[in-house]
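I have placed the structure first, in the form of structure tokens, so that the comments after it can refer back to it.
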Amino acid sequence: MHHIVHEIIHEVYHCLTMVPFLFMAYLLIEYIEKYSSDKMEKLMTGFGRMGPLGGAVLGCIPQCGFSAAAANLYSTRLITMGTLVAVFLSTSDEAIPLLLSNPGHGKTILKIIAIKIVIGAIVGFAADFIFKSTPDMAKEELHHKHAHCGNGKKTVSGMLMAAIKHTAETFLFIAVISIAFNFAVQILSEERLAALFMANTVFQPFVTALVGFVPNCATSVLLTKLYIEGTISFGSAVAGLCSAAGVGLMVLFKENRPAKDNFKIIAVVYVSAVIAGLVF
């Protein structure tokens with residue numbers, strides 16, 4: 001019992017050292033959301049046929065719910081399928097703040113962002129070409145629902161509170177996952193845990209890309225943690241983070257019809273994520 005308590009205290013302490021970095025990262029994200037979220041949506045609807053490139057670039061900026069906003073825009077056909085796919089593939093959420101909170105991962109962050117932008121843009125253009133998807137600009141005046149968590153009316157205190165809230169939530173996610181991971185290693189052994197994720201096999205990106213579809217920010221925390229701990233490879237982390245579109249998938253299934261269109265998008269994202277994982 002004493003050993004268990006000691007392990008929990010150790011993991012919580014380790015996670016607490018990340019809090020200042022997490023808070024600064026989320027404060028920056030809140031600032032971006034306050035001053036640019038609406039502008040980015042307007043930009044995205046104005047890209048036209050260059051939407052996949054614009055979506056890939058804008059999607060990589062870590063914003064809460066940006067993929068959800070893109071799903072809404074696609075459901076009204078204000079953006080193309082390729083643009084939505086590009087956003088889904090490039091969307092960055094908890095992975096970047098978590099890597100920022102672990103010193104020495106600066107190059108890794110830049111590499112992941114660059115890969116996600118390139119993959120998102122290429123696959124997005126390919127999707128538009130193959131599926132003949134074009135934006136319906138006649139609907140531009142429609143009032144589309146906003147599913148993102150930020151807006152331009154946030155006050156400074158509101159930004160601070162939101163940053164504190166996100167920091168606390170991510171800290172809890174990291175702490176729970178870290179403790180669970182630690183006990184899993186002790187119970188299963190590192191070898192069995194690695195086998196669960198098919199370590200050192202070509203199949204690992206297939207597994208992590210599936211895990212990425214879980215519509216929760218804890219998913220990217222888990223994938224990033226597994227990469228930092230060395231359980232999954234860089235390519236497998238890329239695969240999982242490419243498919244991790246967050247709540248965007250839930251919004252897509254709720255708002256977009258026909259349903260088969262949604263499964264088509266999921267298939268494109270999954271195959272692209274796996275290929276990215278195998279290549280990198």
Quick check on my filter: what residues within segment 244-267 are part of a helix (DSSP H, G or I) and either under 15 Å from the mean Cα position of the chain (by Cα) or closer than 19 Å to PHE66 by Cα (or both)?
GLY248, LEU249, MET250, VAL251, LEU252, PHE253, LYS254, GLU255, ASN262, ILE265, ILE266
May I ask you to verify whether ALA276 is assigned to a helix (DSSP H, G or I), out of contact with any Ser or Thr (no Cβ under 9 Å at 6 or more places or on another chain) and buried (at least 24 other Cβ atoms within 10 Å of the Cβ)?
yes
Please find, within segment 65-94, the residue that is nearest to ILE122 (Cα to Cα) out of those that are charged (D, E, K, R) and buried (at least 24 other Cβ atoms within 10 Å of the Cβ).
ASP93
On the basis of being at pLDDT 80 or above and exposed (fewer than 13 other Cβ atoms within 10 Å of the Cβ), does PHE129 make the cut?
yes
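Per-residue answers, yes or no, for (1) farther than 16 Å from ALA56 by Cα; (2) among the aliphatic types (A, V, I, L, M); (3) touching a residue at least 12 places away in the same chain (Cβ under 8 Å):
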position	(1), (2), (3)
ARG77	yes, no, yes
MET81	no, yes, yes
LEU84	no, yes, yes
LEU89	no, yes, yes
SER92	no, no, yes
SER101	yes, no, yes
GLY106	yes, no, no
ILE112	no, yes, yes
GLY120	no, no, yes
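The values are calculated or read from the model by the stated rules, or taken from the named source; none is laboratory data. Since we're looking at a predicted model, the values are computed, not measured. Ideal geometry is used to build each Cβ from the backbone, glycine not excepted, and the neighbour counts take in all protein chains shown.
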